[in-house]
1. Ratio of Rg to Rh for the protein assembly as shown, alpha carbon only, Kirkwood?
2. With 10 angstrom as the radius, rank B:181, A:4 by how many other C-beta atoms surround their C-beta, starting from the fewest.
3. With r as the distance between the Cβ atoms of residue A:48 and residue B:106 and R0 = 60 Å, compute the FRET efficiency 1/(1 + (r/R0)^6) and round to 0.05.
4. At a 10 Å Cβ-Cβ cut-off, how would you order A:212, B:207, fewest neighbours first?
5. Suppose we take every Cα in the range A:171-235 and form the convex hull; what volume per residue is that in Å³?
6. As I understand it, the value is the acute angle between the Cα axis of helix B:72-83 and the longest principal axis of the Cα atoms of chain B; what does it come to in degrees, rounded to 10?
7. What FRET efficiency comes out for residue A:9 versus residue B:65 if R0 is 56 angstrom and r is the Cβ-Cβ distance? Round to the nearest 0.05.
8. In percent, what relative contact order does the range B:127-212 have, based on Cα pairs under 8 Å that are 6 or more apart in sequence?
């Protein structure tokens with residue numbers, strides 16, 4: 001179980017309040033990860049069932065953050081003492097492959113995925129294993145489709161929201177994906193991941209994997225919306 | 001503005017909270033050492049020989065202070081890369097705009113080819129406009145800094161210093177603390193005929209398209225005088241928060 005030092009959501013929020021304040025004062029870049037999960041019924045009505053900070057930054061994200069400050073690579077394996085990252089297929093990659101791309105908000109680049117594509121962006125699963133710092137892939141993926149145990153993954157390109165909040169100040173990028181259950185039966189969603197895709201699908205990094213406190217049962221004809229927000233605090 | 005001790009205390013608190021919340025973070029240190037070699041180094045090998053002989057064991061001047069100087073450029077590069085946000089345009093550099101402004105006041109959009117820029121801080125043996133930079137300007141640091149206040153030019157003329165190559169960053173892992181440390185380093189020599197006061201240090205990142213972007217600029221607590229025939233070493237060190245286990 002991660003975040004054993006966090007006693008409650010209120011405690012976590014207080015710690016983030018202080019971290020934000022110090023981040024601005026000290027000029028240390030802070031990127032807050034937030035997770036919101038909603039159930040959508042047959043009439044399109046939304047019910048927010050999870051709304052909290054993620055507790056799930058992976059080693060990939062830590063390595064990329066530190067690399068961003070010094071642009072140095074070290075090591076040949078994915079492990080302590082090396083800053084290599086791990087592809088969702090299990091192979092290790094130079095951290096520098098977490099590349100800039102001309103358009104990171106297009107389908108299948110950056111954190112954004114096209115319809116039905118499970119290799120990039122937000123992906124959900126039924127796995128119940130607790131989060132780990134070394135998570136690099138969804139545990140038990142829910143496949144795209146209308147067969148038993150499958151859900152239909154929507155496009156993420158149009159479901160982005162970003163902007164500057166001067167009162168923070170911070171810049172945010174919200175990414176959302178809706179998965180619809182037309183399988184004929186109920187499916188319980190227990191986990192979600194956020195994948196980053198660099199230049200192409202040879203460079204896919206899991207930066208967040210969240211195990212839901214309680215599974216979210218999505219009945220036939222209903223949908224689930226998973227929303228990740230990354231928020232960069234500015235001085 | 002916090003003094004160095006207050007800053008250090010606040011950084012300790014930041015790192016402690018970041019470790020609890022398991023969010024990545026890093027702190028920086030700026031080190032400057034000045035020595036007077038018996039014979040001035042002309043090559044990188046000369047410098048290595050001096051270092052191995054222990055010339056920096058007892059420097060004439062030793063300065064160490066926290067870095068507190070990441071600029072808007074650095075933040076925007078984080079927003080591009082870690083938040084997955086495209087450049088918002090090249091019309092304005094400032095609040096609400098995700099882009100970078102280079103040392104020539106040109107605003108740039110999405111940076112390219114980061115995967116090839118492992119050595120972006122490693123400017124070659126002359127001053128190509130990136131890597132660790134030094135200057136004489138003492139205007140206070142600003143989040144909006146995009147260039148050095150008064151850069152010291154490469155050369156042997158009055159007010160100039162020789163820029164040696166940025167050293168390969170020394171990246172190391174401490175398994176006990178579970179922290180990374182990276183030290184970026186550069187040497188400069190004063191072959192001019194007078195003393196030069198170094199008052200500011202900058203770190204400039206190179207991208208393709210000729211982008212040279214200042215990502216950090218620190219003004220020293222007091223200018224450091226580098227006399228004729230002295231050698232100065234600048235260390236830009238970053239230490240990560242403890243990685244979760």
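Read-outs throughout are calculated quantities, based only on the coordinates presented, and are distinct from any laboratory measurement. It should be emphasised that the depicted structure is a prediction, and the values quoted were computed from it without experimental measurement. Don't worry about glycine lacking a Cβ; one is built from the backbone with ideal geometry, like all the others, and counts go over all protein chains shown.
1. That ratio equals 1.02.
2. Fewest-to-most Cβ neighbours within 10 Å comes out as A:4, B:181.
3. Here the calculated transfer efficiency is 0.85.
4. A:212, B:207
5. Enclosed volume per residue, from the Cα hull, is 120 Å³.
6. 50 degrees
7. Efficiency, from the Cβ-Cβ distance: 0.90.
8. 38 percent
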